[in-house]
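Below is one structure, written out as structure tokens; comments come after it.
Any read-out appearing in this document is the output of simple, stated calculations on the displayed coordinates, not a laboratory observation. Because the structure is predicted, anything quoted here is derived from the model rather than measured. Cβ: placed from backbone, ideal geometry, glycine included. Neighbour counts: every protein chain shown.
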């Protein structure tokens, strides 16, 4: 009996140590935020966990001590088959969780409004607008103000709010997620959603699709890179020299379902492409372009 | 004659509530989608209020005649019961005839369920009701055979009562269809 | 012409890949083996008369359990394939194609939810609810049989693709639109999913209505609602959820099928369809469904903890209100399954906060369970092991759930393995552990002998340890940014060691299942040594323990008057002896109609999937004809005279 107990304790300890090691490593993306949104979301996660542990930990202690003490083998324990805790017990049972839930509710209300994906981020820098279109099974990033676009490559300047408009074309629902920069949002065909992200500094991250959409689902990842403002400007100039143009015909080719992990830079983009994509699903017309 | 605390009748009411929830889902879909015409035919263009009114009158009257049938049952008047249920059946069949004509007219105009989400939800909601009416009519025929061939025991009466409940339930749902689909569709 | 006869069937539907061939061979061999066994032991008649056509809820309950166990093996096979694939698919495609992998976890989810967990619960309810309320049978015995056989026909249809068709849905267990629409999924896989769910959904709905009416109308005299045992109360709450939620599933999957079969546009991405509406509708069903899966387990544990602590359940009234509160709240939280769809902070907060409210009645229940043990005399029999394991896991899973109820936190873990870990913690830790505990607890009542305690405890340890090793890595993987449902990933993510750990945990769980199989075989072999002769092997508190083990098919020769919610405990305290006064008992005949209707329903489902018009018409006519034939059968009941009852009872007393 004692050996089993010790093995159990050892297993728990190993588990906890292992978990700490895993969470401490850089691979634990959610716990190593590189952007203000992810940072705030992580703080919220930690606050929630602590609030819940306030009730959970004492409950575990209570559970194990009650089982230990009143086990049938323990002759010393008092046996009272009709014992009840009465109204005080009822009050505490309903009251304590209610108090914790009220606190969590207030925290949730505030945090949900603060971390609303549609809410602009506070910054002195003017936001960079990027339009994201999820395709089967690739991501298209359009930079309307710069007049360029990329396939499967999300390049952003550091410490600049990025204002994303997201949609999809010819795909089932998709979810756009860069764990280290912020939470996800769905990108849906015929509809547009928004998301604000901001990278704290320089770095390389991974983004991916997080809603199953077919055979190429697991391959629908894209690299994200945040650089200095100057490097970003240089990059835009570089892209503008690219031989590839995102014409209507090429776009229609891209919409066709195929896994495409190549990185392509487009120096020219069909004008108003994003809105044209949305319009396709509002009115019955021939393919847009 | 009808023991309303009969467990089977209670169970049937519970079933009717689940059927109501199915209709509720279809209503919710219609309300969400009623504007999604995708540049195709709209409610205003398609619906004739007089048609819907005729259907309503037929169905409401059939509920009345159905009650007359149940009254005859409670008086053990088999012949009158069958007469009133035949009238109810004819009124229900007339309702179905008008509805099917309306559907054919829409299809001929190209306003099929494939054209837009609005039309999909219209055909499904009204069509599901029509399907229930058809089942009700079949049930009515079977019950008429029962009245003719079997004595009117408490057990028999309970069965006929459930059929009548079903029929009234469908009339109740139609009131909502008339208001939501044709009313809102036409007036808003 | 060809289309009329064969619908969409082509030669492609014949099994031609390794898993469909394997599945077909297995099914054929199993059927032959069973056929040979029944022929050699001349048990066809026995099987038909004693079991298949029975309307006795105890027999139907046992059939539900057997069916659920068979489906459980299928579901675990799927689970094992998923774990194996994920453990090896770092920088490689593994041994499964993406499409096949997606089909596997889809069928795993549907089978485990609809055909395993729900069937186990209906089995346990069939066994015990009539006994607990002093009823002789359910309110509608025929519908009980029909509901069971419809569920079985659904189970056949969901496995049929091995033999005919080769493709199951790859959309995830809820067939999410628009991925499940024709545009992205033209093959019949999604139709198999839809129609097996419709069949089993119809079965569940009938069972839900049946139990609801039974509990409301068929209680023994004196048993007011507040004197019902907690398992019956929780079953009642689950039945309310079933009758309110399952029609939504029926309607929603019907609309999806209309989109696919008739080119309608409810949820398509073109023609102004509304894909978000599918999510709302399916989760309006889906959320109450997951509470249907756990609420009966709460009830079972309430009975178990008070029986083995030899103490009254603490806070009975609070427990009832807690169950009712959870039932009500479960209708108001569906949006928390898609916070990330961009509904806006007001809507998101509302649903998040209401979700958090569920922690309150859940907490009340946990405290009451612990307080029941306080100052009790706890007998740590194996059901108590499952109970303590359940409490440990319930609190972890509950924490994870409340954590995700906060929308911004959910943005970072939605659709990740954290979510997968959460719901498995609840389904395995609460529902499955509850089922295992309930089976051990009530097995002697239904079969007359106890299960082997030692083996059951051993199975528990395998399951409990296995669960931690298999699912704690998934919580961590969620924080590492690992999404669910992916068939391969880059090794640089660092996920593989955790997947391998999870696979090791699965092996532990397999040992647990093997132990349970051995447990059943051993216990049956040694049943004479473990006979329950008194009908009360655990010193029980509620009415079911007042009958013989196993009870006669009519349950109670005389129905006692109920004075409290622990009526048997009170009866024992006052000194109790079985009454010898017998009366005539109304019973319900066996009938094969449930089977016939379900066979036609199965053919209807099959015809609809493959769009074979003549089969659809014929099977529809068959179903209707059976129902009409049934409606003219006024002799489904018969009276068992008091002398017969006396003879059966005397046989028990003679031993």
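Does residue C:451 qualify as being touching a helix residue (DSSP H, G or I) at 6+ places or on another chain (Cβ under 9 Å), over 30 Å from residue C:347 (Cα atoms) and either facing chain A (nearest Cβ under 9 Å) or not in a helix (DSSP H, G or I) (or both)?
yes
If a residue has to be within 27 Å of residue C:138 (Cβ to Cβ) and crowded, with 18+ Cβ neighbours inside 10 Å to count, how many in the range C:70-88 make the cut?
Result for the range C:70-88: 2.
Across the range C:527-557, what is the number of residues that are assigned to a loop (DSSP other than H, G, I, E, B) and surrounded by 14 or more Cβ atoms within 10 Å (Cβ to Cβ)? Outline the logic, then answer.
Residues of the range C:527-557 that are assigned to a loop (DSSP other than H, G, I, E, B), as a first pass: C:532-542, C:547-557.
So of that shortlist, the ones also surrounded by 14 or more Cβ atoms within 10 Å (Cβ to Cβ) come out as C:532, C:535-542, C:547-557.
Number satisfying all stated conditions: 20.
Being assigned to a helix (DSSP H, G or I), over 22 Å from the mean Cα position of the chain (by Cα) and within 12 Å of chain C (Cβ to nearest Cβ) is the filter here, so list the residues in the range B:100-138 that pass it.
Selection gives B:117 alone.
Which members of the range C:367-389 meet the condition of being more than 7 Å from chain A (Cβ to nearest Cβ), assigned to a helix (DSSP H, G or I) and under 26 Å from residue C:512 (Cβ atoms)?
C:369, C:382, C:383, C:384, C:385, C:386, C:387, C:389
Against the conditions (1) surrounded by 24 or more Cβ atoms within 10 Å (Cβ to Cβ); (2) within 27 Å of residue A:109 (Cβ to Cβ); (3) facing another protein chain (nearest Cβ under 7 Å), where does residue C:341 fall short? Just the number, please.
The number of the failed condition is (1).
Can we say residue A:236 is in a helix (DSSP H, G or I) and closer than 23 Å to residue A:207 by Cα?
Yes; evaluated as a whole, the condition is true for this residue.
In the range C:218-252, how many are in a helix (DSSP H, G or I) and more than 11 Å from chain B (Cβ to nearest Cβ)?
Going residue by residue through the range C:218-252, those that are in a helix (DSSP H, G or I) are C:225-227, C:230-252.
In the following step, the residues that additionally are more than 11 Å from chain B (Cβ to nearest Cβ) were identified as C:225-227, C:230-238, C:241.
So the count comes out to 13.
If we scan the range A:111-133, do we find a residue that is within 11 Å of chain C (Cβ to nearest Cβ), touching a strand residue (DSSP E or B) at 6+ places or on another chain (Cβ under 8 Å), more than 26 Å from residue C:401 (Cβ to Cβ) and assigned to a strand (DSSP E or B)?
No, every residue in the range A:111-133 fails to be within 11 Å of chain C (Cβ to nearest Cβ), touching a strand residue (DSSP E or B) at 6+ places or on another chain (Cβ under 8 Å), more than 26 Å from residue C:401 (Cβ to Cβ) and assigned to a strand (DSSP E or B).
Restricting to the range A:29-59, what's the tally of residues that are facing chain C (nearest Cβ under 7 Å) and either within 25 Å of residue C:391 (Cβ to Cβ) or surrounded by fewer than 17 Cβ atoms within 10 Å (Cβ to Cβ) (or both)?
Adding up the residues that qualify gives 7.
Which of the numbered conditions does residue B:76 fail, given that it passes all the others? Conditions: (1) surrounded by 15 or more Cβ atoms within 10 Å (Cβ to Cβ); (2) not in a helix (DSSP H, G or I).
(1)
Hey, among C:364, C:392, which residue is within 23 Å of residue C:429 (Cα to Cα), surrounded by fewer than 23 Cβ atoms within 10 Å (Cβ to Cβ) and at the interface with another protein chain (Cβ under 8 Å from one of its Cβ atoms)?
Just one listed residue meets the conditions, C:392.
Identify the single condition in (1) surrounded by fewer than 23 Cβ atoms within 10 Å (Cβ to Cβ); (2) within 13 Å of residue C:87 (Cβ to Cβ); (3) touching a helix residue (DSSP H, G or I) at 6+ places or on another chain (Cβ under 8 Å); (4) more than 8 Å from chain A (Cβ to nearest Cβ) that residue C:474 does not satisfy, given that it satisfies every other one.
Evaluating residue C:474 over (1) surrounded by fewer than 23 Cβ atoms within 10 Å (Cβ to Cβ); (2) within 13 Å of residue C:87 (Cβ to Cβ); (3) touching a helix residue (DSSP H, G or I) at 6+ places or on another chain (Cβ under 8 Å); (4) more than 8 Å from chain A (Cβ to nearest Cβ) leaves (1) as the failure.
Against the condition away from chain B (no Cβ under 14 Å) and within 34 Å of the chain's Cα centre (by Cα), how does residue C:613 come out, does it pass? Full working, then the answer.
Working: away from chain B (no Cβ under 14 Å): yes; within 34 Å of the chain's Cα centre (by Cα): yes.
So residue C:613 passes the test.
Would you confirm whether any residue within the range A:198-207 is over 26 Å from residue B:116 (Cβ atoms), assigned to a loop (DSSP other than H, G, I, E, B) and without any contact (Cβ under 8 Å) to a residue 40 or more places away in the chain? Let's see the steps before the verdict.
First pass over the range A:198-207, keeping only residues over 26 Å from residue B:116 (Cβ atoms): A:198-207.
Now narrow it down to the ones that are assigned to a loop (DSSP other than H, G, I, E, B): A:198, A:200-202.
With without any contact (Cβ under 8 Å) to a residue 40 or more places away in the chain added as a condition, the list becomes none.
Checking the range A:198-207: not a single residue is over 26 Å from residue B:116 (Cβ atoms), assigned to a loop (DSSP other than H, G, I, E, B) and without any contact (Cβ under 8 Å) to a residue 40 or more places away in the chain.
When you go through B:141, B:173, B:157, B:181 one by one, which is the residue that is over 18 Å from residue B:53 (Cβ atoms), assigned to a helix (DSSP H, G or I) and touching a residue at least 60 places away in the same chain (Cβ under 8 Å)? Even if it seems obvious, please write down each step before you answer.
Working: B:141 fails: touching a residue at least 60 places away in the same chain (Cβ under 8 Å); B:173 fails: over 18 Å from residue B:53 (Cβ atoms); B:181 fails: over 18 Å from residue B:53 (Cβ atoms).
Matching residue, one of B:141, B:173, B:157, B:181: B:157.
One residue is enough: does the range C:568-581 have a residue meeting the conditions in contact with a strand residue (DSSP E or B) (Cβ under 7 Å, 6 or more places away or on another chain), touching a residue at least 40 places away in the same chain (Cβ under 8 Å) and assigned to a loop (DSSP other than H, G, I, E, B)?
no
Quick one: in the range C:194-217, which of the residues that are within 16 Å of residue C:599 (Cβ to Cβ) and crowded, with 24+ Cβ neighbours inside 10 Å is farthest from the other protein chains (Cβ to nearest Cβ)?
C:196
For residue A:99, work out the one condition from (1) more than 9 Å from chain C (Cβ to nearest Cβ); (2) over 28 Å from residue C:369 (Cβ atoms); (3) without any contact (Cβ under 8 Å) to a residue 24 or more places away in the chain it doesn't fulfil.
Going through (1) more than 9 Å from chain C (Cβ to nearest Cβ); (2) over 28 Å from residue C:369 (Cβ atoms); (3) without any contact (Cβ under 8 Å) to a residue 24 or more places away in the chain one by one, residue A:99 breaks only (2).
I need the full set of residues from the range C:395-414 which are facing chain A (nearest Cβ under 7 Å), surrounded by fewer than 23 Cβ atoms within 10 Å (Cβ to Cβ) and either under 17 Å from residue A:107 (Cβ atoms) or in contact (Cβ under 8 Å) with a residue 40 or more places away in the chain (or both), in order please.
C:399, C:403
Residue check: is residue C:278 assigned to a helix (DSSP H, G or I) and over 23 Å from the mean Cα position of the chain (by Cα)?
In short, yes.
With the requirement that a residue be within 27 Å of residue C:288 (Cα to Cα), over 17 Å from the mean Cα position of the chain (by Cα) and surrounded by fewer than 24 Cβ atoms within 10 Å (Cβ to Cβ), what does the range C:423-463 give you?
Result: no residue meets the conditions.
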